[in-house]
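Everything below concerns the one structure shown next.
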Amino acid sequence: MDITTMQFDALLTESVKMHGHLCAGQVLGVRMSLAGLREAGIGDPKGADRKQIIVFVEMDRCATDRCSP
């Protein structure tokens with residue numbers, strides 16, 4: 001299992017705890033977050049670089065429940 005898969009699994013587990021259940025929107029949201037962080041050059045969503053980015057989301061669905069790892 002590579003680091004991206006481990007990050008995805010851990011972040012999705014956190015999302016399930018926060019949201020109360022698992023749904024397709026959360027899977028999409030976590031994947032979108034990781035892709036965005038990768039494109040921004042932030043390798044660790046819980047590291048020191050996490051303070052260097054602010055995201056505004058105009059969506060009120062499950063994908064945004066964990067859009068900010």
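Quick note: the coordinates plus some simple rules give every number you see, no bench work behind them. Computed from a predicted model, the values in this text were never measured in an experiment. Reconstructed Cβ throughout: ideal geometry from the backbone, glycine too, with neighbour counts over all protein chains shown.
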(message) Multiplying the sequence separation of V27 and V55 by 0.36 nm and subtracting their Cα-Cα distance, what value in nm do you get?
(response) 8.3 nm
(request) Please give the length that would be gained between D9 and A40 if that part of the chain were fully extended, namely 0.36 nm times their separation in residues minus their C-alpha to C-alpha distance (nm, one decimal). (result) 9.1 nm
(request) Quickly rank 25-36, 7-18 as a protection proxy: mean count of other C-beta atoms within 10 Å, highest first. (result) 25-36, 7-18
(request) Would you calculate the separation in nanometres between label points at A48 and K17, each defined as 7 Å from the Cα along the Cα-to-beta-carbon direction? (result) 2.5 nm
(message) Over all directions, the average projected area of the alpha-carbon convex hull for region 13-52 comes to how many nm²?
(response) 3.0 nm²
